[in-house]
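Colleague: Sharing a structure below in structure tokens format, with a few things to ask.
Where a number appears in this text, it was derived from the coordinates with a stated rule and is not lab data. Because the structure is predicted, anything quoted here is derived from the model rather than measured. Because the Cβ atoms are built from the backbone with ideal geometry, glycine has one as well, and the counts that use them run over all protein chains shown.
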Amino acid sequence: MNNVIAITAFQDNYIWMLTSEKAPDKNSEQSVIIIDPGDARPVLEYLHSHHLIPAAIFITHQCYDHVGGIKAILDQYTQYTIPVYGPATEIVPCMTHPVKQGDIITINPTGPNNEECHFQVLDVPGHTAGHVAYFQQGAPGRLFCGDTLFAAGCGRLHTGLYSEMFHSLQKIAALPDDTLIYCAHEYTLANLKFACQLEPDNSDLQTRMAKTTQMRKLGQITIPSQLSEEKKTNPFLRCNTPAVTAAAKRYAEVAGLPQPSDATSVFRTVRDWKDRF
Ligand SMILES: [Zn+2]
């Protein structure tokens, strides 16, 4: 399964779908993996018009805009057994396969190129306490990471801890540099505006800002991004750099927060700053 389709939903959500080939064959049933279907309607419209059937549903975390469409999708395909994978410690409607760090998921899609495909589960708590991500190995690999790492940003902390989110982002940073990051929201431009406040002299950031501004003007999707680009421009992956550390210290001073003393506390300060930005 090497073709990724973005379905837009709500204000700025992306529901990702993985299929085997670019042009589905009208004469055969081809299956698709659906990731975080918060809304059933746009997913069902796409499935029906492209003659696709769900092979599996993957859920990264329990927020409504990621799980709200599961039941209505399953209700349309009661003649099939469609597994629903999701975080073992969260409440996900219709979940059949609770997963956790280290689990390997194997999917056997139907269709003309019905190659078996594998995903590795990563625990990435922070946005929520049980959040997981799905890594598909390949050249390049793909990470479906929900609301953990965003393009040029990271998720807010709802039920997880700062230290958990920091370590989850470090875990993602340890994946191969060419990994494509499929996050669940189009927040890139707003995230870059914040990042430019922290690192006005970062030329990679300026380049990305110019490119992203142009893409959004044309109505283009800015996801996926490459992990290597995130490492150069995403402040939440740069909490150990002198520039981000210095910016966090300045902000802490002005905001009357404790001075950050290590990368985790720099992360916490930067996350607090972004929440108020
Ligand atoms: Zn969420």
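Colleague: Could you pull out the pairs from K193/K231; K211/K274; K71/K171; K231/K274; K171/K249; K100/K232 whose alpha carbons sit more than 20 Å apart here?
Modeller: K211/K274; K71/K171; K171/K249; K100/K232
Colleague: Tell me what the chain gives for mean residue ellipticity at 222 nm when only DSSP H runs of n ≥ 4 count, each as -39,500 (n - 2.57), the sum divided by the residue total, rounded to 500 deg cm²/dmol.
Modeller: -10000 deg cm²/dmol
Colleague: Just flag the GluC sites (Glu not before Pro) in the stretch 51-146 sitting in loop per DSSP whose Cβ has no more than 16 other Cβ atoms within 10 Å.
Modeller: E115, E116
Colleague: Given +1 on the Cβ of Lys and Arg, -1 on the Cβ of Asp and Glu, and no further charges, what dipole in debye does the stretch 124-277 carry about its Cα centre, rounded to the nearest 20?
Modeller: 280
Colleague: Residue farthest toward the positive end of the dipole of the chain, with Cβ of Lys/Arg at +1 and Asp/Glu at -1: which of Y182, S31, A195?
Modeller: A195
Colleague: Expressed as cubic angstrom per residue, what is the convex hull volume of the alpha carbon set of the chain?
Modeller: Cα-based convex hull of the chain, divided per residue, equals 121 Å³.
Colleague: Right, next: Along the charge dipole of the chain, which of L161, V43, Q137 sits closest to the positive end, that is, farthest toward it, with unit charges on the beta carbon of Lys, Arg, Asp and Glu (+1, +1, -1, -1)?
Modeller: Farthest towards the positive pole: L161.
Colleague: Between E29 and D178, what is the label-point separation in nm under the 7 Å Cα-to-beta-carbon projection?
Modeller: 3.6
Colleague: Sticking with this one: At 0.36 nm per residue, minus the direct Cα-Cα distance, what do A210 and Q170 gain on full extension? Give it in nm, one decimal, please.
Modeller: 11.7 nm
Colleague: Still on this structure, I have one more. Report the extension gain between A190 and N3 in nm, rounded to one decimal, defined as 0.36 nm multiplied by the number of residues separating them, less their alpha carbon distance.
Modeller: Full extension of this stretch gives 64.6 nm more.
Colleague: Dipole size in debye (nearest 20) for the chain around its Cα centre, Lys and Arg Cβ +1, Asp and Glu Cβ -1?
Modeller: It comes to approximately 740 debye.
Colleague: Now for a separate question. Cα atoms only: what Rg and Dmax, in Å, come out for the stretch 154-277?
Modeller: Radius of gyration, then largest Cα-Cα span, for the stretch 154-277: 14.2, 42 Å.
Colleague: Taking the highest mean first, how do the peptides 11-18, 246-253 order by number of other beta carbon atoms within 10 angstrom per residue?
Modeller: So the peptides 11-18, 246-253, ranked by packing, come out 11-18, 246-253.
Colleague: Follow-up. Given a Förster radius of 45 Å and the C-beta distance between R41 and S261 as r, what FRET efficiency does 1/(1 + (r/R0)^6) yield to the nearest 0.05?
Modeller: 0.40
Colleague: Which ³J(HN,Hα) values, rounded to whole Hz and listed in residue order, are derived for the stretch 90-98 from phi using the Karplus coefficients 6.51, -1.76 and 1.60 in 6.51 cos²θ - 1.76 cosθ + 1.60 with θ = phi - 60°, glycine and proline given as x?
Modeller: Per-residue couplings from phi come out as 10, 8, 10, x, 6, 5, 10, 10, x Hz.
Colleague: Let me ask another. Need the full-extension length gain, Q220 to A139, defined as separation in residues times 0.36 nm minus the C-alpha distance. One decimal, nm.
Modeller: 26.8 nm
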